[in-house]
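Okay, here's the structure, questions in a sec.
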Amino acid sequence: MCGIVAVIGSRDAAPLLLKGLKQLEYRGYDSAGLATVTTRDIPSTGSLICKRANGKLANLVEKVHSEGAPGQLGIGHTRWATHGKPEERNAHPHRDSSGSLAVVQNGIIENHSALRKALQLEGVKFASDTDTEVIPHLISRELNLLKSQGRIVNATLLLEAVRKVVSQLQGAYALAVVWQETPEALVVARKQAPLLIGLGEGEFLCASDTPALAGFTRTILPMEDGEVALLTPLGIELYDSQGHRQQRSPSFLHGLEDVVSKRNFRHFMLKEIYEQPETARLWVDRHLPLGLPEAVPVALPFENSFYEGIERIQILACGTSRHAAMVGAYLLEQFAGIPTTVFYASEFRYAPPPLAPNTLTIGVTQSGETADTLAALAMEKERREVYKHPDFLSRELGITNRAESSIARQVSNILDIGAGLEVGVAATKTFLAQLLSFYSLTLSFASRRKSRSLEEITSLINELRLLPKQLLVLVKQHDALAVTLAQRFSDTQNVIFLGRGINYPIALEGALKLKEISYIHAEGYPAGEMKHGPIALLERRVPVISIATPGVVFEKVLSNAQEAKARDAQLIGVAPEGLATEIFDALMPIPEVSEWISPLFSVIPMQLLSYHIAANRGLDIDQPRNLAKSVTVE
Ligand code: M6R
C-alpha cells in the first residue's frame, strides 16, 4: 500500500525515481509525486523541487518531463489514499512550512490527530488532510531546536532529528526524508512497513519493494523493524530503535527481470493466468521429484521436528489467500486428518479463540506484507510466549511468494510458493501456487501420520504430476471460450457463484475476482445454502455459476443448480463435459479429475471469465479502482 522510492548518488534522481515508481505502481495509483534536491555544484544551490500529480503515475511523468526536477538526491511516492481524498494537495511528498524539507511515507500514523493539534497550537498551517504531513513539520521543528542549540547543519543533524520524531510516531510506517540544507543526505526509517536499501555503485536506492530495484542492483539490505538509516554518497549508517549502530551483510536478489515486461499480452493479469502451467511445472519439479522414499514422498524444506506432535492447525489470511487457505484446510482435515480452522487475519487479531495446545499457526500471504496477517501472527506468537507452557509454544509457518518479505523475517518456517513476481493486482498465479503449497503440506502430513494409505497418497501425487500439461490445454481453451461468454455477461449487475466442499472456496474466489476487476456485484455461496436466502435474488438477469465436479457432493450440487434454473436464472456450469451437464445453459468444461485436485482446474475458468468481462467493459484490469497489491495498512 503506497510505494516509496528514494535515491542518492551521482546520477539524476528523477528518472531513477520514476522508473522505480513505475514498478511499484501496483501498490497504489491514486496520485504520485517526487522531490529532488539539487546539489551544491549546481547553480541553484541546495534547493528542493517538488512535483506532484493526481491520478496515475503517467501524469507525474508528464509533469516532470515538461517542468524538470534536477538533483541527484530524491524521494518518490505512489499513493493509495488512506487519510484525505485522492487530490494533488494530498499527494506525497509533504513538506514543512518553509518548503525546504520533504517526506514520503507508507503506512498510517495513528496518533496524527494529536500531533496535528499540537502543531497547530504552535501556529503550523497544514496544506493537506493526510496523516503524513505531521512528519515534515515535526522534523522541521526538531531541526530548528537543534540549530538553536548551536549544532552544525550536517547529515548527522538530520538523522538525529528524524530519530527523535519517529520515536513520537505511533502506527506502522516506512518513510524517506530529504532536506535542502543537506543535499548529501537521505534519511529513511521503517516500523511494521517494508523498506529495503539497494546498494548500487556509489549510489543507493531505497524502496518499499524489490521490483523498484530492477535494473538498478541485485544487492539489497532489508531494513529491520524500528531501524533508521542515513545514506550518503559515502555509505550507509544503520541504527536500531535504541540508536545502536547496526552492521549487517547485504543479501542477493534473484529473478527481477521478468517483472518488467507484459510480453505480448494485453495485461499482466492475462500473462499471469497463462503462466500457471509453468508455475505448476516448477512446483512439481521442486516438491514432487521422482525417486523420493515412500515414507516421505514430498520434498519440503522442514526438519522432522516441524511435523511432530501437531494436533491442530489454524490458518490466518486475507482475501484470495484466505480462499487458498480454505481449500488447504479442507485438504488438511479431510485428507490428512488434522483439525484445521481458517480465520480472517483481521478478525483473529482482536478476537482470537482460546489458546489450544500443539497448534501450528500458518500465515498465508502472497506479498508477505499484509499488515493484518503479520499482526495476527505476531499477536499469536506473543500470547503463546506469555503463557509459557511447553505444550502451547508457538509453532508457525508462513506461506508466501516473497521469500525476502516481512513475513520471512518474522516467522521461523517459510514455504516459498515460488510463483515469480505477480504484477496484476488481482491474484491468479499466486493463488494456484498457494493451493499447490497446501497439497505439498497435506501430502507430507498424511504420509508421516499414515492418515492415508500408500495407494491414496501415490494416486494423488500421480494426478498432481499431470497438472502442468493439463493446465496448458485448459488455459488456452478457456481463454477462447470466455471471450464469447463474457460478451453475454458484460452488462450483468449481479452474479452468484455456487460450490460445495473443496470447491466452495473456489466459488468465493470466482466472486472476488469478478468484483475486483469488473466491478460487478458477485457473491459466492456453498451451494446448499442458496435456498436459505440468496435464492430470493434469482431471476432471468442473474447468472448462476455452479461448480459441479464429480465427488461426494456432485449430485447435491446438480440439485442445487436445478433449483436455480427453476427460478429462471441463467445457469453456467463448471463441470466435466457429458456428466449430466445438459442442465446448464452454458458449460465451462474442466477435465474429469479426482475431487481432491478439482479446485486447481475449476479456478481457471473463473479467472478467465472475470478477465474477459472486465476487458469487454474496458476497465483497468491490472490496476482496478481503489485496490492495491499489498495491503500494508490495517
Ligand atoms: O498479499 P496477500 O496475499 O496477503 O493479500 C491478501 C489480499 O489483500 C489479496 O489476496 C487481495 O484479496 C487480492 N486483491 C486478491 O486478488
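How about region 119-155: which of its residues are among the acidic types (Asp, Glu) and open to solvent by 90 Å² or more (accessible area, probe 1.4 Å)?
Of everything in region 119-155, just one residue is among the acidic types (Asp, Glu) and open to solvent by 90 Å² or more (accessible area, probe 1.4 Å), namely 122.
Can you tell me which residue is nearest to residue 279 (Cα to Cα) among those in region 579-629 that are of a type in the set (Ser, Thr, Tyr) and either in the same structural domain as residue 274 (by TED's automatic domain parsing) or assigned to a loop (DSSP other than H, G, I, E, B) (or both)?
If we take residues in region 579-629 being of a type in the set (Ser, Thr, Tyr) and either in the same structural domain as residue 274 (by TED's automatic domain parsing) or assigned to a loop (DSSP other than H, G, I, E, B) (or both), then 598 is nearest to residue 279 (Cα to Cα).
Okay, next question. Every residue in region 319-341 that is open to solvent by less than 40 Å² (accessible area, probe 1.4 Å) and either in the same structural domain as residue 513 (by TED's automatic domain parsing) or outside any helix (DSSP H, G or I) (or both), please.
335, 336, 338, 340
Return the pair list, or none, for Cβ contacts closer than 6 Å from residues in region 89-105 that are part of a helix (DSSP H, G or I) to residues that are open to solvent by less than 10 Å² (accessible area, probe 1.4 Å), at least 6 apart or on different chains.
Going by the 6 Å Cβ cut-off, the qualifying pairs are 89/128; 90/128; 90/130.
Still on this model: So in region 392-402, with the set limited to residues that are open to solvent by less than 70 Å² (accessible area, probe 1.4 Å) and more than 16 Å from the ligand (Cβ to nearest atom), which one is modelled with the highest pLDDT?
Out of the qualifying residues, it is 395.
To continue, here is another question. Among 507, 527, 522, which is at pLDDT below 95, in contact with a strand residue (DSSP E or B) (Cβ under 7 Å, 6 or more places away or on another chain) and of a type in the set (Gly, Ala, Ser)?
Residue meeting the stated conditions: 527.
Also, quick follow-up: For a quick check of your reading of the model, give me the residue pairs whose first member lies in region 362-385 and is among the charged types (D, E, K, R), whose second is open to solvent by less than 10 Å² (accessible area, probe 1.4 Å) and modelled with pLDDT of 95 or more, with beta-carbon atoms closer than 6 Å and at least 6 apart or on different chains.
Correct list of pairs: 372/345; 380/361.
Quick check on residue 171: is it within 25 Å of the chain's Cα centre (by Cα), under 18 Å from residue 79 (Cα atoms) and surrounded by fewer than 24 Cβ atoms within 10 Å (Cβ to Cβ)?
Judged against the criteria, residue 171 is a match.
Where the second residue is open to solvent by 10 Å² or more (accessible area, probe 1.4 Å) and of a type in the set (S, T, N, Q) and the first is more than 15 Å from residue 105 (Cα to Cα) and outside any loop (DSSP other than H, G, I, E, B) and lies in region 155-176, which pairs have Cβ atoms under 8 Å and are six or more apart or on separate chains?
Note: pairs meeting the criteria are 155/232.
In addition: Which one of these is open to solvent by 60 Å² or more (accessible area, probe 1.4 Å) and over 26 Å from the mean Cα position of the chain (by Cα): 492, 484?
Result of the check over 492, 484: 484.
Determine if region 425-435 includes at least one residue that is without any contact (Cβ under 8 Å) to a residue 12 or more places away in the chain, closer than 14 Å to residue 276 by Cβ and either hydroxyl-bearing (Ser, Thr, Tyr) or assigned by TED's automatic domain parsing to the domain that holds residue 619 (or both).
Among the residues of region 425-435, not one is without any contact (Cβ under 8 Å) to a residue 12 or more places away in the chain, closer than 14 Å to residue 276 by Cβ and either hydroxyl-bearing (Ser, Thr, Tyr) or assigned by TED's automatic domain parsing to the domain that holds residue 619 (or both), which makes the answer no.
Considering every residue within region 365-378, establish whether at least one is within 25 Å of residue 171 (Cα to Cα) and either assigned by TED's automatic domain parsing to the domain that holds residue 27 or in a strand (DSSP E or B) (or both).
Yes.
Can you pull out the residues in region 422-457 that are part of a loop (DSSP other than H, G, I, E, B), crowded, with 22+ Cβ neighbours inside 10 Å and not β-branched (Val, Ile, Thr)?
Passing the criteria: 422, 424, 426, 427.
Could you list, in sequence order, all residues of region 198-236 that are over 23 Å from residue 630 (Cβ atoms) and among the acidic types (Asp, Glu)?
201, 203
Say whether the condition of being among the acidic types (Asp, Glu) and over 22 Å from residue 601 (Cβ atoms) is met by at least one residue in region 281-293.
Taking every residue of region 281-293 in turn, none turns out to be among the acidic types (Asp, Glu) and over 22 Å from residue 601 (Cβ atoms).
Here are some conditions: (1) under 20 Å from residue 368 (Cα atoms); (2) open to solvent by less than 20 Å² (accessible area, probe 1.4 Å). Residue 218 meets all but one. Which one does it not meet?
If we test residue 218 against (1) under 20 Å from residue 368 (Cα atoms); (2) open to solvent by less than 20 Å² (accessible area, probe 1.4 Å), just (2) comes out false.
Take residue 415 and decide whether it is at negative phi, within 15 Å of the ligand (Cβ to nearest atom) and at pLDDT 95 or above.
yes
OK, next. For region 522-536, state whether one or more residues are surrounded by fewer than 21 Cβ atoms within 10 Å (Cβ to Cβ) and within 16 Å of the ligand (Cβ to nearest atom).
Yes, there is a match, as at least one residue in region 522-536 is surrounded by fewer than 21 Cβ atoms within 10 Å (Cβ to Cβ) and within 16 Å of the ligand (Cβ to nearest atom).
Further question on the same structure: Go through 608, 619 for me and flag whichever is at pLDDT 90 or above, within 16 Å of the ligand (Cβ to nearest atom), within 30 Å of residue 87 (Cβ to Cβ) and not hydroxyl-bearing (Ser, Thr, Tyr).
Answer to the check: 619.
With a cut-off of at least 2 residues that are in the same structural domain as residue 184 (by TED's automatic domain parsing), open to solvent by 10 Å² or more (accessible area, probe 1.4 Å) and within 18 Å of residue 187 (Cβ to Cβ), name the strands (runs of 3 or more DSSP E) lying wholly within region 13-82.
Strands (runs of 3 or more DSSP E) meeting the threshold: 48-54.
The values are calculated or read from the model by the stated rules, or taken from the named source; none is laboratory data. Remember, it's a predicted structure, so these values are computed and weren't measured experimentally. Quick reminder, even Gly has a Cβ in these numbers, built from the backbone with ideal geometry, and neighbours come from all protein chains shown. For accessibility, only protein heavy atoms count, side chains too; no ligands or nucleic acids. Shrake-Rupley method; radii C 1.70, N 1.55, O 1.52, S 1.80 Å.
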